[in-house]
There are 6 protein chains.
Amino acid sequence: MSGVAVRNVPRPEEAVVARLSGFGVATIHEAMGRSGLMKPYMRPVWAGARACGCALTVLAHPGDNWMLHVAAELMRPGDIVVVAMSADNADGLFGELLATSYKARGAVGLVIEAGCRDTAELREMGFPVWSRAVSARGTVKASVGSVNIPVVCAGAAVQPGDVIIADDDGVVVVPRLGAAEVASAAQAREQKEAATRKRLAAGELGLDIYNMREALAKAGLKYQDGPAED
Amino acid sequence: MSGVAVRNVPRPEEAVVARLSGFGVATIHEAMGRSGLMKPYMRPVWAGARACGCALTVLAHPGDNWMLHVAAELMRPGDIVVVAMSADNADGLFGELLATSYKARGAVGLVIEAGCRDTAELREMGFPVWSRAVSARGTVKASVGSVNIPVVCAGAAVQPGDVIIADDDGVVVVPRLGAAEVASAAQAREQKEAATRKRLAAGELGLDIYNMREALAKAGLKYQDGPAED
Amino acid sequence: MSGVAVRNVPRPEEAVVARLSGFGVATIHEAMGRSGLMKPYMRPVWAGARACGCALTVLAHPGDNWMLHVAAELMRPGDIVVVAMSADNADGLFGELLATSYKARGAVGLVIEAGCRDTAELREMGFPVWSRAVSARGTVKASVGSVNIPVVCAGAAVQPGDVIIADDDGVVVVPRLGAAEVASAAQAREQKEAATRKRLAAGELGLDIYNMREALAKAGLKYQDGPAED
Amino acid sequence: MSGVAVRNVPRPEEAVVARLSGFGVATIHEAMGRSGLMKPYMRPVWAGARACGCALTVLAHPGDNWMLHVAAELMRPGDIVVVAMSADNADGLFGELLATSYKARGAVGLVIEAGCRDTAELREMGFPVWSRAVSARGTVKASVGSVNIPVVCAGAAVQPGDVIIADDDGVVVVPRLGAAEVASAAQAREQKEAATRKRLAAGELGLDIYNMREALAKAGLKYQDGPAED
Amino acid sequence: MSGVAVRNVPRPEEAVVARLSGFGVATIHEAMGRSGLMKPYMRPVWAGARACGCALTVLAHPGDNWMLHVAAELMRPGDIVVVAMSADNADGLFGELLATSYKARGAVGLVIEAGCRDTAELREMGFPVWSRAVSARGTVKASVGSVNIPVVCAGAAVQPGDVIIADDDGVVVVPRLGAAEVASAAQAREQKEAATRKRLAAGELGLDIYNMREALAKAGLKYQDGPAED
Amino acid sequence: MSGVAVRNVPRPEEAVVARLSGFGVATIHEAMGRSGLMKPYMRPVWAGARACGCALTVLAHPGDNWMLHVAAELMRPGDIVVVAMSADNADGLFGELLATSYKARGAVGLVIEAGCRDTAELREMGFPVWSRAVSARGTVKASVGSVNIPVVCAGAAVQPGDVIIADDDGVVVVPRLGAAEVASAAQAREQKEAATRKRLAAGELGLDIYNMREALAKAGLKYQDGPAED
């Protein structure tokens, strides 16, 4: 199970990452044609966490966080570490010591398909983490994995250098090439939604705003009156 | 899969809903003879959420929130929307745009056996939602379901017009007919509990307050001393 | 299914419990050679909860909290009640009434492999609870279980009188005999970590601090350069 | 938690049950407009099991099979017992002793949202059971539930007297009133499928048989050629 | 995470194991006062598997089957290997190569709270295995665990030398001391059940055989007639 | 959510597929350095199923099997269809009608991260399917997905044209380029295992065959004698 650690990977332009950081996960997912989301079991370990950065990928083994140390050296400011696992595991591969190291080296967050611990300390440090579990379970440093290779994390394919946006709603992956188009689409979507929001807030119906009545009738929806009062 | 949207359904008297709104979910569930609860996987998307209203029911299909727009038109102030699914699904069928619409039309909350997104915005708006998942996954508007028909949501049968009470402890369904009796029983229970609470706070034992000692002995409980110190 | 209630069990020295109360769950678990943890589905019902006490064990049956009343009498100040179940169950066996009783009798917390209710009230009371579910589901008092016998709770073997430490990261069980050694090992670990933290915060790498480079090379890790920019 | 046992409930005509018994679960579910299915976690405890009968409903409590004995007396030949639970539970509420009783009294099967044991013996007896778990866990007879009241079992609402069809694909509920129409629709569906099957077996495409090409194009499907060989 | 391998452990008398081997898991669990069962997710990897033997315990780490080789040396004919895990894991720690070794050394089966692979070959060899998952995922040999120490496997505490009985219904643990009494109780239970079975097969009701009618009435069960035919 | 259907994709040489078809999933996974496996929840719908073929990939939406018809046209003899889902879903997207079509057009099997129905008929037809659930739940044809694009199925990245091997142990994905090397490695592994199997069957220990004793001692394993007989 020997692995590789890839030193330099193409990263997106900072300006594109900055633009994407202004949108929420749901908006970006929609702007991508409803794709790119990780599974909903990936949750922030503290409420209100938000991060946007460039994916530094890690493939680790159950109960083993050795590769997370290898990743620390290859990190660049603005990176968000994405840890995929070779098999389902909920052990606490990440805690405040590693967070201290990652923060010192410029990482802006961590997404891990395993467990995380020291959640209270992470909140205090303001270091955002998304994980599938909170677990104090400690780990060994025995099996070599890989850094900066393509991985599958929580059902999403991630290439090193993709843009990761994460918030209370989950985690979305934006392919590096095409990230600029996604940012534009997200902006367009947000503007359109602002207009719709105003109309909905005024009590107008989505049925009318989106012209749904005819399609509903065609699809067979029948309106009828309910039972008389009993 | 054509469906129906029922316009007028019998609703409970406002006074009864108001009375029920004063009790917690656990109290009402007990007052109903320990029935009416949804399964515990239905959780508030923001802590501290509380709602009590009249059920406007929706049957929707996986990944499709079309019927939630149909529901907006049939809504009356004080309604709480209860969304059942034709199959297990965790997609984000509800977010802040629909919440804006629902709030504008008088809904007091949403209970959905699927996913919810924009949770941070919902908390800011003060719009309470109970769901089985948080997910940014977007939806289509392609398959017709129904509104205001009897549904099964999270293991509980719900009729349109039933009273729904939801808080940090979960969601309970009170049948419309009989809601007044439940309110009275809840009140009686709360008074009794207040007295018990005082005695327990003073250090008295439940064993004595509830007269359990004889029943325990009869059921075979044996007291014995532990091992000597080692 | 008759059971036993054991009155007196050996308890650890107060001073040892006090020492252990100064460490987090992750630290103590590591200090024990990475053992003693309950499964990660045991979560605090309110964020920020912390407890350290002496285990008063209970074996209860699904949907039945009778034994939790028996436990109240056998409780001593500083105890933490650990409830194991004879079969998987998520019903709300514990709520604010029992918490009022337990608090009055000196218990410092509860760990239960079932459900808990009245979570908002528990937070207000400051009574810490770890459970596998939040559920308003009420219970009966019909089947006799046991108090202060060895149990298995959330995958961990617990003897009455063991020390239980619980926080946001989970729950760990320290065998009574040997608790002093664990406290010492935890202290040593914390001192060592403080030094490491300082170096990591200064940007030094774990690879260097822990001398990992040679072992990684031996284990087959290959460094390579990534693709040229596209 | 006192309950009721209802003696006589309207049952469907035998001829209708006989007609429905000729179709599989998937066919009947489709013939009902894709409704009536229990959740897919309800599985036969032995492969090849099949049953069709009239629902005798039971509401039982976790770890308690008392009501299954009450049901035995109210049973009529051709009944299939449907056991709903007041809370999630996987204990083995049913085994070969009860199966011996049920068989002697004419029941044709059991559907239970809990556990089942003695699976080898049940297969030998030819008594078909659908359950959510196999578990040897024994039960008490302490809490009263109900027999022949409306229940929710595995997400489906069941009235006493509804027709239940179960096979390797799962369990479907046909409302008593309307069962004849469902049988006719199932027959029509089966005939249509036989014709389609022949065409598909001959290599014809569903795209052509169902005229899907235009709708696919309209919905935006684009055909394109793949990459040249590498 | 260094561990110990204990060479000689007290084993039960062969005659007692032989007597227990004549009973099913459900019978033995009942004979023990409804205790000793592992959780129902432990399933035989091939239907019809049955085993009864003396527990040789193993504590292993996620994705690591090193200790299973250590166990092979300490094995005695008639042993059944019980593998507990330091953390939840579904990897395939056991397959036909290890089964070949175990069989050659006299083991009569394996119970593992992780995954198993080569299930087709195991069935052909007639080597019975109970596991929580089937998985082809391979393992490393990197972390030391322990052999023949007390473990918790699938929720049950197991001491080396306890008797393990496993069949289609699950796995039960009989403490070594007291195994003879359990065998006697199982025999008594089986004889009593044989008599009951005959009466039930003749159509007699459990209500009468077990004298339940009075208790049911006392507990509040009300009989009533159903609705007139519609 | 418009999609693409890619007509021609590079496929591996038939000879390589034929070679790989001779090995089991576990062997191939090991020969690939323990990679390429789908998650263990992907199970054959009938025991003894085996398939090896060239991946024709499909991305479908919850409750919608439209794309499975599109796939039928693009299929070539020897293909195995791999269906990924845009969101978690257990509906029965595949049954015997589609299987009839697929068989007629030369497909050798199906791997689907959703549900499957008509399992009895599939077994009779000898058409092998791996799925995450068995469900009779029917589907619509409303949302366009894609065919022959890269997908993530059950945690594994799959490119159209990759080789898929599936048996009772699960499903493994072999990248098209490099498939020949994997076949050779699998053959080498099998030969080596044959020799080891002979030695193990003769009672030799893995400890000796694999030279583990020194490494175990170095890693800290201590042997000790157990307690004297009690």
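HN-Hα J couplings of segment F:43-55 from phi, Karplus 6.51/-1.76/1.60, θ = phi - 60°, integer Hz, Gly and Pro as x?
10, x, 7, 9, 5, x, 4, 8, 7, 9, x, 9, 6
Within 10 Å of each Cβ in peptide F:148-156, how many partner chain Cβ atoms are there on average? Round it to a whole number, please.
Numbers: counts 2, 1, 1, 1, 6, 2, 2, 11, 1.
Partner-chain Cβ atoms within 10 Å, mean over residues of F:148-156: 3.
Order B:Tyr102, F:Tyr41, most accessible first, counting only protein heavy atoms with a 1.4 angstrom probe. Each step should come with its number before you reach the end.
Values: B:Tyr102 0, F:Tyr41 70 Å².
Ranked from most to least accessible, the order is F:Tyr41, B:Tyr102.
Can you list residues whose amide H is under 5 Å from C:Asp79's amide H, if they're 5+ apart or on another chain and H is modeled 1.01 Å from N?
C:Cys54, C:Val108
So what is the 222 nm mean residue ellipticity for chain E from helices alone, if each DSSP H run of at least 4 adds -39500 (n - 2.57) and you divide by all residues, rounding to the nearest 500 deg cm²/dmol? Don't skip to the answer; put the middle values down first.
Details: 8 runs with 72 residues, N = 230.
Calculated from helices alone, the mean residue ellipticity at 222 nm is -9000 deg cm²/dmol.
How about segment F:110-147: which of its residues lose at least 40 Å² of accessible area in the presence of all protein chains relative to their chain isolated, using a 1.4 Å probe?
Those are F:Arg117, F:Val134, F:Ala136, F:Arg137, F:Val140, F:Val144, which lose 40 Å² or more relative to the chain on its own.
With a cut-off of 8 Å between alpha carbons and a minimum separation of six or more residues, what is the relative contact order of chain A in percent? Present the calculation step by step, with values, prior to reporting the outcome.
On the way: 488 pairs, mean separation 66.4, N = 230.
Relative CO of chain A lands at 29 percent.
By average Cβ neighbour count within 10 Å, what is the ranking of C:217-225, B:132-140 from highest down? Show your work: numbers first, answer last.
Numbers: C:217-225: 13.0, B:132-140: 25.2.
Sorting C:217-225, B:132-140 by mean packing, highest first, produces B:132-140, C:217-225.
With +1 assigned to the C-beta of every Lys and Arg and -1 to the C-beta of every Asp and Glu, and no other charges, what is the dipole magnitude of chain A about the Cα centre in debye, to the nearest 20? The partial results should precede the final answer.
Details: 24 positive and 26 negative charges, 105 e Å.
In total the dipole reaches around 500 debye.
Taking the convex hull of the alpha carbon atoms in the protein assembly as shown, what volume per residue do you get, in Å³? Let's see the in-between values first.
Numbers: hull volume 224.0 nm³, N = 1380.
It is 162 Å³ per residue.
For segment D:28-105, calculate the relative contact order in percent as a whole number, restricting contacts to Cα pairs under 8 Å that are 6 or more residues apart. Write out the running numbers ahead of the final one.
Numbers: 69 pairs, mean separation 23.2, N = 78.
In percent, rounded to a whole number, it is 30.
Cα atoms only: what Rg and Dmax, in Å, come out for segment D:14-185?
Rg and Dmax of segment D:14-185, Cα atoms, are 14.5, 45 Å.
Starting from the amide H of F:Asp64, placed 1.01 Å from N in the peptide plane, find each other amide H under 5 Å away whose residue is 5 or more places distant or on another chain.
F:Val140
Measure out, as a whole number of angstrom, how far apart the alpha-carbon centroids of segment A:107-170 and segment D:111-157 sit.
First find each Cα centre; the distance between them is then 42 Å.
Would you pull out the residues with amide H under 5 Å of B:Ser135's amide H, same chain only if 5 or more places away, H placed 1.01 Å from N?
Here B:Cys116, B:Arg117 satisfy the definition.
Please sort B:16-29, D:186-199 by packing, taking for each peptide the average over its residues of neighbouring beta carbons within 10 angstrom, highest first. Provide the component values of the computation, followed by the final result.
Values: B:16-29: 21.7, D:186-199: 13.9.
Highest to lowest by the protection proxy: B:16-29, D:186-199.
Have a look at segment F:39-56 and report residues whose accessible surface goes down by 20 Å² or more when the remaining protein chains are included, against the chain on its own, probe 1.4 Å, ligands and DNA/RNA excluded.
F:Lys39, F:Pro40, F:Arg43
Buried accessible area between C and B (1.4 Å probe, both chains summed, ligands and nucleic acids excluded), in Å² to the nearest 100?
Working: alone 12150 and 12150 Å², together 20970 Å².
Approximately 3300 Å² gets buried when C meets B.
Out of the total accessible area of segment F:14-185 (probe 1.4 Å, heavy atoms of protein only), what percent is carbon and sulfur? If you can, show how the numbers build up before the last one.
Details: 2330 of 4440 Å².
Here it works out to 53 percent.
Cross-link list A:Lys39/E:Lys39; A:Lys218/F:Lys141; B:Lys218/E:Lys192: which exceed 19 angstrom alpha carbon to alpha carbon?
On the way: A:Lys39/E:Lys39 28 Å; A:Lys218/F:Lys141 16 Å; B:Lys218/E:Lys192 24 Å.
Over 19 Å Cα-Cα: A:Lys39/E:Lys39; B:Lys218/E:Lys192.
Could you provide, to the nearest whole Å², the per residue accessible area of segment E:14-185 with probe 1.4 Å? Spell out each step's value before the answer.
Details: 4450 Å² over 172 residues.
I get 26 Å² per residue for this part.
Residues of segment C:191-209 with accessible area at least 50 Å² lower in the all-protein-chain context than alone (1.4 Å probe)?
For segment C:191-209, once contacts with the other chains are taken into account, C:Arg197, C:Leu200, C:Leu205 lose 50 Å² or more.
Just to be sure I understand: of the beta bridges DSSP finds with both ends in the protein assembly as shown, what percent are antiparallel, rounded to 5? Working shown, then result.
On the way: 102 of 240 bridges.
Once the DSSP bridges in the protein assembly as shown are tallied, antiparallel ones form about 45 percent.
Using a Förster radius of 41 Å, what is the FRET efficiency between E:Ala18 and E:Ile209 based on their Cβ-Cβ separation? Nearest 0.05, please. All intermediate terms of the calculation are to be shown ahead of the outcome.
Working: r = 32 Å, r/R0 = 0.78.
Step by step, r from the Cβ atoms, then E = 0.80.
Relative contact order for segment B:1-131: what percent, with Cα pairs under 8 Å and sequence separation of 6 or more? If you can, show how the numbers build up before the last one.
Working: 203 pairs, mean separation 32.8, N = 131.
Reported as a whole number, the value is 25 percent.
Would you mind computing, in nm to one decimal, how far apart the modelled labels at D:Ala188 and A:Gln224 are, each placed 7 Å from Cα along Cα→Cβ?
Here the answer is 1.7 nm between the modelled labels.
Considering only C-alpha atoms, what is the centroid distance from segment A:14-93 to segment D:25-92, in Å?
Answer, in whole Å: 44.
Give the percent of DSSP beta bridges with both residues in segment F:14-185 that are antiparallel, rounded to the nearest 5.
Details: 17 of 36 bridges.
The answer is about 45 percent antiparallel.
The values are calculated or read from the model by the stated rules, or taken from the named source; none is laboratory data. Quantities reported herein were computed from a predicted structural model and do not represent experimental measurements. No Cβ is skipped: glycine too gets one built from the backbone with ideal geometry, and neighbour counts run over all protein chains shown. Accessible surface areas use protein heavy atoms only, side chains included; no ligands, DNA or RNA. Shrake-Rupley method; radii C 1.70, N 1.55, O 1.52, S 1.80 Å.
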